[in-house]
Every structure is written in structure tokens, then in C-alpha cells.
Amino acid sequence: MLAFILRRVAQMVPTLFGVMLLLFVLFNWVGGDPSYILAGKNLSPEALANIRHQLGLDLPLPQQFLIFVKQVLTLDFGSSWSTQQPVSSILHSRIGPSLLLTGSMLLLGTVLAVVIAALVAYLRGSLTDRLVTLISTCAMSISGLVYIIAGQYWLAHKAGLFPIMGWSDSVLDNLRYYLPLPLLLGVIVGLAPDIRFYRSCFVEEMNHDYVRTARAKGLSEPVIMLKHVLRNAMIPVVTSLMMSLPYLMMGAMLLETFFGIPGMGKEVVMAVDRSDFPVIKAITIYIALATMLFNLLTDIVYKLIDPRVQLH
């Protein structure tokens, strides 16, 4: 196990370097010159040259990339180009709302999806199974933006059940007033594909020989479902869950933007709009690191769930 972990950590180094190189190339070749955005209407050559010097954009590209590598190694990405605030301070203030929203969505959505999927898999072929599958298929064909707009209009504006948008410095107020509607809409958007995926995992396990053997031994269907099928079907469920974890810090861009939640997703949208490279690269690097670490953690969890899994 230790040798596997060390080998995987060593493999992360070239992967991270590739992410840094791709991010740097995309920003410098595709992202445009942020000095024009920051200069505003004052587009004199002297002003542009001064801004480029302050941002370090007048340095040779290899030197800029070496500075970028140093920032990644020290996890110090300097200050935002547009607000002059330290990037670490910006991310620290944004991560809380994002984790509160996306963490709640992941927890509630996973529990509901697993329970419903297990139920319809147990009742496979019945009217309930066909109805849930039909509803899930129809729900997946609707854009998440439609749910957000309809929810804000009907549940917040017309019915007055929730505030249309807003956020507070009080966690309790957020949980009571501002979080329920975006949480409800986020869970609804993600529930349909999760139910279909988890149901297929459960049904596939129920068709294996060990399930027929358990039935031949006289075990009841609920016992087979809970003690055998659920355990073996958890591997793809855990995979889906673990792959979602790195994006908790990314936030939910549409939900945060439409509901005025000051999270990471909204910050990403504003940073891209302002060509704020320090903020963009910090978030990208953190997500890349989180993805690699959670991939490693997924393999370790596999081994804990099923000791027969071989780690390579």
C-alpha cells in the first residue's frame, strides 16, 4: 500500500507540470492582454506600459513561467490584478459559501439518489420502476438554467416561499433563509442522472450468480439487497461520489451567480470576465491537486471496500 501511494504521488508531479504549462499557454495565447481591461478608458501607451510592468507581462515568457512555477510550489499566487487583494484572502472568503452549498447538495443528493435507486432496482420491471425511469429521463433533458429561473419565479417571486437571492454573514441565517432554494434546485438537477446511474449499478449486481445463490439458500430479497447487492454496487457509487469531491471547492457557478452567493463559482466567472490570471490559476491549480488526491483516495477506498482489489 505504501509503495502504491508513493508511486502515485510521484506520478502527480508530471501531471501537475502539464496542467501548469497548459494553463500558462492558454492564458498567454488565448486569454488576451488583461492590461487593456485594467486600463479602462485610459488607453495611452504610457498607461498600458506601466500596467504591463506592474503585472510582470513585459518579462520574457520563460521568466513568467518560472515565476508561475514558484507560485505553485509555494501556493502563494500574489494579488488579484483587478482588486489588488491577496488571492489567498479572496479564496478564503469564497470557499465557505461554496462548501456550504455544494457540500449540502452532494450529501443530500447522494442519499436520496441511492435510496430511490435501490428501491426502483428492487422493484425493477414494475410500474414504479418505469415511472421513475421516465421522469428521470425527462428531467435530464431539461437545462439546469430552466430549473433555476422557474424556481426563482414560481417559488420565490410568486409564492414568496424563499428570498429570490441574497447571502448573509450568519451561517444560521443562510441555512434558514438563503440556502434552501438553491439547495433544492441543485439537488433536483443532479438527482435524475444519479438515480439512473445508481439504478443500473444495482440492477447489474442483482443479475450476478452470487445473488441467485443467495436466493437458493433462502435469503429474503431485502437481506440480499442490503447485505450483498448494496455492498458490491458501492464501488461505482463511491467512484461517482469521489470524483465529485474536488469540485466542491469549485462551487456551483449558475446557482451562485443567480442567487448572489459569494462563492468560488461566482468568483471564477468574474475572474474570467476580468482576465484576472492570478485568481484563475490559483483555483485551477487547487482543483487539479484536489482531483489527483481524491483519485488516490478513491483507490484506497476501493481496497477497503473490497480487499480483493489489486492496487497497481
Taking a crude spin-label model, label points 7 Å out from Cα along the C-beta direction, the Phe4 to Met243 distance in nm is 1.9
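Average the reciprocal distances over every distinct pair of alpha-carbons in segment 230-279, invert the result, and give the Kirkwood radius in Å.
On the way: mean 1/r = 0.0793 Å⁻¹.
One decimal place: 12.6 Å for the Kirkwood radius.
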Could you check which residue among Val13, Val171, Val237 shows the biggest mean-square fluctuation in a GNM of the chain with a 10 Å Cα cutoff?
-> Val13
Here the residues of segment 8-22 lying in the modelled label zone of Phe65, meaning backbone nitrogen under 14 Å from a point 7 Å along Cα-to-Cβ, are 17-22
Taking 7 Å along the Cα-to-C-beta vector as the label spot, tell me the Leu219-Ile135 distance in nanometres, rounded to one decimal.
-> 3.0
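Report the relative contact order of the chain, percent, no decimals, based on alpha-carbon pairs under 8 angstrom and at least 6 residues apart. Walk me through the numbers on the way to the answer.
Details: 288 pairs, mean separation 82.6, N = 312.
The value is 26 percent.
Please get the size of the charge dipole for the chain, origin at its Cα centre, with Cβ charges of +1 on Lys and Arg and -1 on Asp and Glu, quoted in debye to the nearest 20. Please report the intermediate quantities before stating the final value.
Working: 22 positive and 18 negative charges, 177 e Å.
Charge dipole, the chain, about its Cα centre: 860 debye, nearest 20.
Scanning the chain for trypsin sites (Lys or Arg not before Pro) in DSSP loops with at most 16 other Cβ atoms within 10 Å, what's the longest stretch left with none?
Numbers: sites that count: Lys41, Arg124, Lys217, Arg308.
Value returned for the longest uninterrupted segment is 125-216.
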Rounded to the nearest Å, what's the spacing between the alpha carbon centres of segment 102-151 and segment 245-278? Just the number, please.
-> 26
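For Trp167, Trp154, give me the order by solvent-accessible area with a 1.4 Å probe, most accessible first, ignoring ligands, DNA and RNA. Mind showing how you got there, number by number?
Details: Trp167 55, Trp154 150 Å².
So, going from the largest accessible area down, we get Trp154, Trp167.
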How high is the relative contact order of segment 1-156, given as a whole-number percent (alpha carbon pairs under 8 Å, six or more residues apart)?
-> 9
Reachable aspartates and glutamates from Lys266, criterion Cα separation under 14 angstrom, eight or more residues apart if same chain | Glu256, Asp276
Inter-site label distance for Ala47 and Asn28 at 7 Å from Cα along Cβ, in nm = 2.7
Go through [x] 37, 59, 4; [y] 25, 33, 24, 15, 3; [z] 25, 49, 23, 3, 0 and flag the label whose value is the computed P(r) over Cα pairs in 20 Å bins from 0, in percent for this structure.
-> [z]
For segment 36-189, what Kirkwood radius comes out of the mean inverse Cα-Cα distance, in Å?
-> 20.4
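The values are calculated or read from the model by the stated rules, or taken from the named source; none is laboratory data. Computed from a predicted structure; not experimentally measured. Note that we place each Cβ from the backbone using ideal geometry, even for glycine, and neighbour counts take in every protein chain shown. All accessible areas refer to the heavy atoms of the entire protein, side chains included, with ligands and DNA or RNA removed. Shrake-Rupley method; radii C 1.70, N 1.55, O 1.52, S 1.80 Å.
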